[in-house]
1. Which residues, counting only those in the range 160-216, are hydrophobic (A, V, I, L, M, F, W, C) and assigned to a strand (DSSP E or B)?
2. Among the listed residues H382, H423, which satisfies the condition of being under 37 Å from the mean Cα position of the chain (by Cα) and farther than 20 Å from T293 by Cβ?
3. Do the conditions hold for G197, that is, is it of a type outside the set (S, T, N, Q) and on the phi > 0 side of the Ramachandran plot?
4. Report yes if G306 is closer than 30 Å to R212 by Cβ and in contact with a strand residue (DSSP E or B) (Cβ under 8 Å, 6 or more places away or on another chain), otherwise no.
5. Given the criteria in contact (Cβ under 8 Å) with a residue 12 or more places away in the chain, part of a loop (DSSP other than H, G, I, E, B) and surrounded by fewer than 14 Cβ atoms within 10 Å (Cβ to Cβ), does G95 qualify?
6. Which members of the range 234-255 meet the condition of being in a loop (DSSP other than H, G, I, E, B) and either without any contact (Cβ under 8 Å) to a residue 60 or more places away in the chain or crowded, with 18+ Cβ neighbours inside 10 Å (or both)?
7. Being touching a Lys or Arg at 6+ places or on another chain (Cβ under 7 Å) and among the hydroxyl-bearing types (S, T, Y) narrows it down to one of S234, S239, S172, so name that one.
8. Just to be sure before I move on: is L229 closer than 30 Å to G290 by Cα and among the aliphatic types (A, V, I, L, M) in the structure I sent?
Amino acid sequence: MSPALDYRLETTTAQTTSTTSRRRSRRPVSHERDVGASFSPPRSKMAALIPRTQLRAATRQGLCAASQAVQVCNYSQKPRIIKNPTTASLRKGTGGRSSFNGIVCTVFGNSGFMGRYICNRLGKIGTQLILPYRGDFYQVAPLKLCGDLGQVLFHPFDLRDEESILKCIKYSNVVINLIGCDWETKNFTYDDCHVQGAARLARICKQNGVERFIHVSCLNASPNPEPILLPEGSKFFKSKWEGESAVRQEFPDATIIRPADTYGTEDRFLAYYAHRWRQHFRGIPMYKKGEHTEKQPVWVGDVAAGIVAAVKDHQSAGRTYQFVGPKRYKLSDLMDWFQELLRRESVIYGYRRLDLDMMPLFKLKVTLTEFISPAYPIGYLHWEGLEKEHTSDRIVKGVPTLEDLGITPVPVDTQLPWEIKPHRYDGSYEDSVGEYPDIIPPKPLADKALNF
């Protein structure tokens, strides 16, 4: 062979080897193995080549296995769509106060009695709170401590200003409405707060993609409330019913909460009965002495726990819940028990229950109270309040309660004596052990009276 021919053969062989090496380097190296085949790691540095047909077949098998796994796993049929698909909206941490659970919640009416408890419980589980307020900021400033640093935000708003409402719920996926009024004023009537305001909030939330809207109404809400003291019945209960209907129309998946008379620190239930203005001399005037009124009060901590449970439970959307206490009592028995806890016994203090129909001076007192202090009645005493006070709690059969959300309500005889202690007569006096006899709690009514 001539030297020229030998040189050409060496050059061709070198080019072929270089081309093959480049092709091998471009092809993906797969370490997959067929089912049932034995596997042994390659002894040489060069990876084995897999034909394209086998690679495609393995890819199809992997896709089929993945699709079968998706069908077997219990995935939700209705996936949750994140309102703001950013990394900032994802959960972070272990679920405590310094974590973020993925919930951005706007709480309207947070400065009220119930709002403090709800904000506190939401902040404990890592919820970012947006707290709208009107008036002076210093009234809501203590709520800053409900959450971790940067998790509690405040924003001014007006219930009639839709632009300010939009700014408060723009980034929220949960909105809780606690706005309400116990008496009407020249600025806000029952219709303004309970109907028009609630409907406006629900409509704006629905238009801006809010996932959950929780509206707090009240027990005994009815389109035609039974009149007791007022000829037309309670306007409060009627407006609450109309508010529920308006919210359902604007936001069909809203969760409606109907709490009974709620007691706790700085409430308007125990403080109302403990106030001196509620008395007539040293007696308590009541409709038929309270013998025909039945109540089922609930602790505010249970109400807050139930609302937080409803926020976390997506199955509660579109439902209505009744939040009531575990036991039912006559109002007359509760009143006697309250006065004993307040140390206003019938023997020493002179307490007694009076018939309201026989007390014309007390009726005049209520009317003058509304005239003298219409914006904030003295001792929360007004005719609408007396109408609500003497309306028996109606528990609708079949409507879910706190137990359906996994909350066991606290008995009244366990929690209430501690809550009423600040209102006790001569509360600064610390009695000795055994100085006062043990106070027996009232006897609850039979269970058959719970359902109507």
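1. Restricting attention to the range 160-216, the residues satisfying the condition of being hydrophobic (A, V, I, L, M, F, W, C) are 165-166, 168-169, 174-176, 178-179, 181, 183, 188, 193, 195, 198-199, 201-202, 204-205, 210, 213-214, 216.
Selection gives V174, V175, I176, F213, I214, V216.
2. Details: H382 fails: farther than 20 Å from T293 by Cβ.
On inspection, the qualifying residue turns out to be H423.
3. Details: of a type outside the set (S, T, N, Q): yes; on the phi > 0 side of the Ramachandran plot: no.
Answer is no for this residue.
4. Working: closer than 30 Å to R212 by Cβ: yes; in contact with a strand residue (DSSP E or B) (Cβ under 8 Å, 6 or more places away or on another chain): yes.
Against the criterion (closer than 30 Å to R212 by Cβ and in contact with a strand residue (DSSP E or B) (Cβ under 8 Å, 6 or more places away or on another chain)), G306 qualifies.
5. Details: in contact (Cβ under 8 Å) with a residue 12 or more places away in the chain: yes; part of a loop (DSSP other than H, G, I, E, B): yes; surrounded by fewer than 14 Cβ atoms within 10 Å (Cβ to Cβ): yes.
Here the answer is yes, as G95 does meet what is asked.
6. S234, F251, A254 - these are the residues of the range 234-255 that are in a loop (DSSP other than H, G, I, E, B) and either without any contact (Cβ under 8 Å) to a residue 60 or more places away in the chain or crowded, with 18+ Cβ neighbours inside 10 Å (or both).
7. Details: S239 fails: touching a Lys or Arg at 6+ places or on another chain (Cβ under 7 Å); S172 fails: touching a Lys or Arg at 6+ places or on another chain (Cβ under 7 Å).
Exactly one of S234, S239, S172 is touching a Lys or Arg at 6+ places or on another chain (Cβ under 7 Å) and among the hydroxyl-bearing types (S, T, Y), namely S234.
8. Details: closer than 30 Å to G290 by Cα: yes; among the aliphatic types (A, V, I, L, M): yes.
Yes.
The values are calculated or read from the model by the stated rules, or taken from the named source; none is laboratory data. Just so it is clear, the structure is predicted and the values come from calculations on it, not from any experiment. In this analysis, Cβ positions are derived from the backbone assuming ideal geometry, glycine residues included, and neighbour counts consider all displayed protein chains.
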